[in-house]
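Below is one structure, written out as C-alpha cells; comments come after it.
Each value in this text was obtained by applying a stated rule to the coordinates, not by laboratory testing. Quick caveat, the model's predicted, so the values are computed rather than measured. Neighbour counts are summed over all protein chains in view; Cβ atoms, including those assigned to glycine, are modelled from backbone coordinates with ideal geometry.
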2 protein chains.
Amino acid sequence: MLHFIVTAGGTVEDIDEVRKITNTSTGQLGICLAEEIIKYMEQAGEQDYQIHYIVTSTAIKPDLFNEEMDHVTLYEVTDTKSVLNTINELFDRYTIDYFIHSMAVSDFTANHMIPMKKLAEEIKLKLESTDKEQWLEAIEHTLKNPKAIMDRSRKISSDDDMILALKKTTKIISLLKEKNKELFLVGFKLLKNVSEEELIRTANLLAEKNECDLMLANDLESINQGIHQGILIKNKEVLGKYEGKRNIAKAIVYQMLKNR
Amino acid sequence: MLHFIVTAGGTVEDIDEVRKITNTSTGQLGICLAEEIIKYMEQAGEQDYQIHYIVTSTAIKPDLFNEEMDHVTLYEVTDTKSVLNTINELFDRYTIDYFIHSMAVSDFTANHMIPMKKLAEEIKLKLESTDKEQWLEAIEHTLKNPKAIMDRSRKISSDDDMILALKKTTKIISLLKEKNKELFLVGFKLLKNVSEEELIRTANLLAEKNECDLMLANDLESINQGIHQGILIKNKEVLGKYEGKRNIAKAIVYQMLKNR
C-alpha cells in the first residue's frame, strides 16, 4: 500500500491560557493537494493507497463525508510539538512514500513572558556581580532564563510593557529524509516582497539542505491578492510557474507521481 | 432611537505579515447578547433601536440574513486599534445608550522583534558607555528601542531565539464613560483558576475603576469545561450566578433594561 502524508494549515503556539501565536495559512492548498492525489490515483486505476492528512485546528478541513475522501485519514494538531509527534507516530507505523509539507509550521514557540521593567532589573543585578568580559553571556543567560516570569497556566495580566521570549522550534522538514531515505519529499518556501531571483535562490537553498525532491516557491504578495502564484522547482531547475491553488496542486501531484 | 453597542470575539494583533497574536474567545456570548436584546425589545413592543455589533475577524458572526437580525449592524475589526477607531466613530455619530463590552481585547500589541543575541549585544554596548547609576534606565531604553529589529512588513525568519516586545494597549473600557456619562456600561472580567472571592474582588475593582453599571465575572476553567459560569455584579453586590452563555446573556440584558 502507498502512504502519503499531506500537512496543511498554520500551527498554533500558546502564549498563555487565552493568547496564541497563529499563522494566517488557511489550509486551502492542502485540500487541493489531497483532491488532486485522489484524482490522479483514480485515473491510474489504483485503490491501494492512504492519505494521512495532518491539519491544524485553525485550518479548514476536507469534507470526509464526501465519499471521494474515503482514502483520507485526518489528524488534527495544534502546535509544532504536536505536529512532530503525529509525524513520528506515522513513520513508526507505516512506510511513508510521499510527503507534501504544505503546513506553515511556526519557527518559534513562546518560552516565557516577563514585564519589561522586571527584566531590566534582573539584567542590572546580574551585571553588577559579573566581570565585564562575561557581560554578553550574562545578558543572554538572563534574557533566556529570567526569574520573574509570569505564570502561563493562568491568564497573563499586567499594566506594564512585556517581553515575550520565543524559542526556535525543531525544523521538521530537516528530519524527514533521515526517517526514510526513499521518501519523495515536497517542500514549500514562502517569502514576501522579494524578487523572483531571490525567491528561487532561497527555495533552492532550502531544497538542498532538506533534500526536497520538489520545491514550491511562492510569494505572500500574490496570496494576499488572491491569485496565489507558485514556481515549481526540481534540482534547481524551474519546471513551471502556476497560478491558483488548484493549478499549483495539480502540477505538484503530477510531477510527484508521473515517474512511479 | 436607542443605540446599543455590543463587542464580541478576540482581537488579532499582527506580529508580522503571517504571524498573529490571537485570543481563544469565540464570540458566542456576543451573539446570545444581541439575540436577548432583540427578544427583550420585541416583548416590550419597541422597534426604535439599533444594535451596533463590533466583532473580530476570528469570531463567529450573527446571521444577518435572519430577519430577527434586522436591528443589527455589523462592524468587523481586527486589532485593538481598529476596535477603538470603530467605537470612536460610533460615539461621534450616535448617542450610545447601552454598551456591552464582551470582546476579549488584547492587553498587548506587538511592538518589535529582535534576535536574542543581537539584543544582548546592544545592551552590552550601551552599558559600556553608561554610568552605573543609569544602568536601569539604559537597559529599559534598549529593551524598548533596540536598533537591530526585524522588518515586520516581511515574513520574519531566523535561526536564532527571538525577543518579541509587547506594548500595552489603550484600555478601551476606561474611555467609555468619558464619552457619555449617561451610558449604561456592562464590563467583563475573565480570570483562570482563582477562588470565587478573588474573582469577585478583582471584578469589583475593575467595575469601580471603569464605572461599570454591571459586571460579569467569569473563570476560564468553566468555559473550557463547556459550562460557562458567570457571576453578575452590580455596585459590588452579587445579583446572581448563572450557568451557560444563554442564561448569562438573559440575565445581563434583563438587569440592563428592566429599569428603563
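Search the range A:80-98 for residues that are closer than 12 Å to A:L175 by Cα and pair each with any residue that is in a helix (DSSP H, G or I) when their beta-carbon atoms are under 6 Å apart and the residues are at least 6 apart or on different chains.
Listed pairs, sorted by first residue: A:L84/A:I172; A:F91/A:K179.
Looking at B:E198, B:E182, can you tell me which residue is of a type in the set (D, E), surrounded by fewer than 19 Cβ atoms within 10 Å (Cβ to Cβ), in a loop (DSSP other than H, G, I, E, B) and out of contact with any Phe, Trp or Tyr (no Cβ under 6 Å at 6 or more places or on another chain)?
B:E182
If we only count strands (runs of 3 or more DSSP E) wholly inside the range A:1-102, which ones have 3 or more residues that are within 21 Å of B:K20 (Cα to Cα)?
Result: A:19-23.
Identify the single condition in (1) away from every other protein chain (no Cβ under 14 Å); (2) free of Cβ contacts under 8 Å to residues at least 12 places away in the same chain; (3) of a type in the set (S, T, N, Q) that A:N204 does not satisfy, given that it satisfies every other one.
So A:N204 meets the others, but not (2).
Within the range B:166-179, can you find the residues that are more than 10 Å from every other protein chain (Cβ to nearest Cβ), surrounded by fewer than 18 Cβ atoms within 10 Å (Cβ to Cβ) and not in a helix (DSSP H, G or I)?
Within the range B:166-179, just B:T170 meets the criteria.
Matching residues to (1) more than 23 Å from B:T26 (Cβ to Cβ); (2) more than 7 Å from chain A (Cβ to nearest Cβ); (3) surrounded by 16 or more Cβ atoms within 10 Å (Cβ to Cβ):
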| position | (1), (2), (3) |
| --- | --- |
| B:L84 | no, yes, yes |
| B:D97 | yes, yes, yes |
| B:E122 | yes, yes, yes |
| B:K132 | yes, yes, no |
| B:N145 | yes, yes, no |
| B:M150 | yes, yes, yes |
| B:R154 | yes, no, no |
| B:D159 | yes, no, no |
| B:I163 | yes, no, yes |
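Would you mention how many residues in the range B:105-119 are in a helix (DSSP H, G or I) and among the charged types (D, E, K, R)?
2
Could you tell me how many of the residues in the range B:134-143 are of a type outside the set (D, E) and at the interface with another protein chain (Cβ under 8 Å from one of its Cβ atoms)?
4
Taking the residues in the range A:120-150 that are free of Cβ contacts under 8 Å to residues at least 60 places away in the same chain and assigned to a loop (DSSP other than H, G, I, E, B) as candidates, determine which candidate is farthest from B:T109 (Cα to Cα).
A:D131
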